[in-house]
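Beneath this line is the structure, given in structure tokens, with notes to follow.
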Amino acid sequence: MTFEELRGALPGRVLLPGDQGFENAARPWTLTVVQPVAAVVHVGDTYDVAAVVQYARGAGVPVVTQPTGHGAAGGVADAILLRTGQLDSIEIDPARRVARVGAGASWGRVQAATGAHGLTGLAGSNPAVGVTGYTVGGGMSWFSPPISAPSPRNPPIRAPRCRVPSS
């Protein structure tokens, strides 16, 4: 399968070098990082993700993900850049005090949804930061010093129960 065939197989947008919008889609939030990717795919659902992974495995092409581009670090030459910003679902179970969020959800939207139930999360310091990038080690929370910064090296934590007054 070629990149053109991948484009035809996906309902999400596949952008290739030379396409209108490719440069902007490949550009991370951190403008000092250059991302010389082979393609950018804006996935709309899990079927798109599965199609990209299946294609990449068969073609021997690496896949990197970025919901918002805040986690750009380079080292993505000739990879498929998977933009997950459209996977932004948020489900709050206030009884269990659990949030389930899509790979493109931002902390601002999660905080708004949890706040409606008197809850909060260990959010980054900027509402535009994506939950997934922050959770796997990309940022600091207002709560980080007393609790812990999220990272794959840290075990899951239970934050102490507290209420933060709105004023």
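The values are calculated or read from the model by the stated rules, or taken from the named source; none is laboratory data. None of the values given here were measured: they were computed from a predicted structure. All Cβ positions, glycine included, derive from the backbone under ideal geometry; neighbour counts span all protein chains shown. Ligands, DNA and RNA are stripped out before the accessible areas are found, and what is left, the full protein with its side chains, is counted by its heavy atoms. Shrake-Rupley method; radii C 1.70, N 1.55, O 1.52, S 1.80 Å.
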Which percent of Cα-Cα pairs in region 51-92 sits in each 10 Å bin, short to long?
-> 25, 46, 25, 5
Furthest towards positive pole of dipole, Gln66, Gly121, Gly8, structure part region 1-127, Cβ charges = Gly121
Dipole magnitude (debye, nearest 20) for region 9-127, charges at Cβ of Lys, Arg, Asp, Glu = 260
Going by average Cβ neighbours within 10 Å, how do the peptides 104-114, 24-34 rank, with the highest at the top?
-> 104-114, 24-34
What spacing in nm lies between the two simple spin-label points modelled at Val33 and Ala128, each 7 Å away from Cα in the Cβ direction?
-> 1.5
Can you tell me the Rg and the Dmax, both Å, for the Cα atoms in region 1-124?
-> 16.3, 50
Ignoring ligands and nucleic acids, what accessible area does Glu91 show with a 1.4 Å probe (Å², nearest 10)?
-> 110
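On a full-extension model of 0.36 nm per residue, what is the gain between Ala59 and Arg97, subtracting their alpha-carbon distance, rounded to one decimal in nm?
On the way: separation 38, 0.36 × 38 = 13.68 nm, distance 4.20 nm.
Value of the extension gain: 9.5 nm.
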